[in-house]
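The values are calculated or read from the model by the stated rules, or taken from the named source; none is laboratory data. As the structure is a computational prediction, the values presented were derived from the model and not from experiment. Quick reminder, even Gly has a Cβ in these numbers, built from the backbone with ideal geometry, and neighbours come from all protein chains shown.
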Amino acid sequence: MSWFVEKKGTRQKVVKIIDAVILFFIFVVLFSYVFGGFGIDIAGISILQSNALHKPVGQLLVIVILRVFLYRKDIKEKFGFLKNFVFLLSPLIKRNLAFGVLGFAIGISPRMLSILNGEVTRGGQGFDVDFVPTNVVNHFWQLITFYLPEVLGIRVPIVNLINNEISPFYLFNGFLAGVILFLIGRALTSFVMPRWEEIKSIFKLKVLVFNPSQFLLVLPVFICIAVIISQGPPATRYLFPLHGVVSICTAIYLDTVRLKSKAFFAFGLVAWCAFSSIGIYQTYVTSGIVQNFSIVEKSNRYTNILEFCKKHKILYAYSDLATSAIGSFLGKGDVYIAEYTKIHRQKNLKERLAREGNFSILVSSTLRSDLEIYQKYLKENLFSFSKDTIKSEKDADNFYYVFSNFQGNPRSIERLRSLIKEK
């Protein structure tokens, strides 16, 4: 605040405050245009909202005009200082700065064009914060009691150990969770304590010689602060970087331990891998993907299509892009499905199917225009053909028509392979 005290005139002090507001608004505008939005609420009262992208720019222009009218004698001096600052930079820094500005301009130009031509008028949700004390305390409590243990994978084993009946599996998994907590605690302690003075210097904004470990020190703090002051409740996806930081710190700790005790290093590594494997398996079981170490096969329209094709010995077929891509992948070489459009996609697959004389056409009932084109063409150009349906067990309105056993002019039959034009 020394710059404020040194100013003698009231007008100059007000101008300095306005300059700070202008810099803040420039940051808000850039943040809004790059990330989508910026908002500050206190106890539900909106202090600043920049989701409407034109408003902060208009407000910034008003403040700049007010600043010029209040005091403009030092404007030329400030631009001269900025010019001299750039002039005194080394050629390498100037070049890097120019490339950075050019890259930023190229990257943000599509966004600016969409705003100028009116296609975009509002940003996304962006980052909205609320400083009401009850929300801050509630978010902090949720962070340390639920979301942070959830991200680290230790919440479920502890809950199972407390709430469920004692079983060998829960005891073993709880033991592994305890080992992981011990490793994380030791890793963070050994990483943070030698750098405690550096941490204090960082938050006092003192000049430091950069080293990569500073990133691991600062990132978790800012992530936790952002989650706590956010307007909405914490979410696991916001905390994923913390898992990376903890993993890196633990890896550094284990590498240090390896030099002292290879047995403890091996034990820690095996415990970490076993705990992670169990957690991943339980996640898949909860999601219904895996059961008893086997993949759960769920009925869907693509498996129904493949079962129908195998039952009726249909080895080669044509359909829409999604059906052809997923069907060919799940067919595992037993059934090949190419796209029935005229565009040059799936070239190798189409060339292979072109050599096969016996093929079928699969058309989804949801693609009404494709269905109408094929039905009309088949009736007008072929002598006869077979028509079947593949019904879905879950959705009665979503099924496939199967056209096969084509009889007619060979050229007319060949045209069936690519009858649909590109959309």
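Here are a few things to note about the model shown:
- Qualifying residue in the range 288-300 (condition: assigned to a helix (DSSP H, G or I) and either surrounded by fewer than 11 Cβ atoms within 10 Å (Cβ to Cβ) or not aliphatic (A, V, I, L, M) (or both)): no
- In summary, residue 268 fulfils each of the numbered conditions (1) within 16 Å of residue 181 (Cβ to Cβ); (2) under 28 Å from the mean Cα position of the chain (by Cα); (3) touching a residue at least 24 places away in the same chain (Cβ under 8 Å) with the single exception of condition (2).
- Which numbered condition residue 349 misses (of (1) under 22 Å from residue 297 (Cβ atoms); (2) without any contact (Cβ under 8 Å) to a residue 40 or more places away in the chain; (3) surrounded by 15 or more Cβ atoms within 10 Å (Cβ to Cβ); (4) not small (Gly, Ala, Ser)): (1)
- Residue among 225, 305, 314 that is loosely packed, with under 14 Cβ neighbours inside 10 Å and either closer than 30 Å to residue 360 by Cβ or β-branched (Val, Ile, Thr) (or both): 225
- Criterion applied to 351, 356, 393, 372 was being assigned by TED's automatic domain parsing to the domain that holds residue 324 and modelled with pLDDT of 90 or more, and the one residue passing it is 372.
- 2 or more residues on the phi < 0 side of the Ramachandran plot, assigned by TED's automatic domain parsing to the domain that holds residue 161 and at pLDDT below 90: qualifying helices (runs of 4 or more DSSP H) within the range 178-275: 196-203, 213-229
- Of all residues in the range 215-250, those that are out of contact with any His (no Cβ under 8 Å at 6 or more places or on another chain) and touching a residue at least 60 places away in the same chain (Cβ under 8 Å) total 13.
- Whether a residue is at pLDDT below 85 and in contact with a Phe, Trp or Tyr (Cβ under 8 Å, 6 or more places away or on another chain) was assessed, and residue 301 passes this test.
- Top-ranked residue of the range 131-156 - restricted to ones that are under 15 Å from residue 278 (Cα atoms) and touching a residue at least 24 places away in the same chain (Cβ under 8 Å), ranked as nearest to the chain's Cα centre (by Cα): 151
- Residues that are modelled with pLDDT of 70 or more number at least 1 in the following helices (runs of 4 or more DSSP H) confined to the range 1-103: 10-35, 54-70, 75-87.
- When 404, 384, 364 are checked against the criterion of being touching a helix residue (DSSP H, G or I) at 6+ places or on another chain (Cβ under 8 Å) and in the same structural domain as residue 323 (by TED's automatic domain parsing), a single residue qualifies: 364.
- Qualifying residue in the range 328-336 (condition: surrounded by 12 or more Cβ atoms within 10 Å (Cβ to Cβ), in contact with a Cys (Cβ under 9 Å, 6 or more places away or on another chain) and not small (Gly, Ala, Ser)): yes
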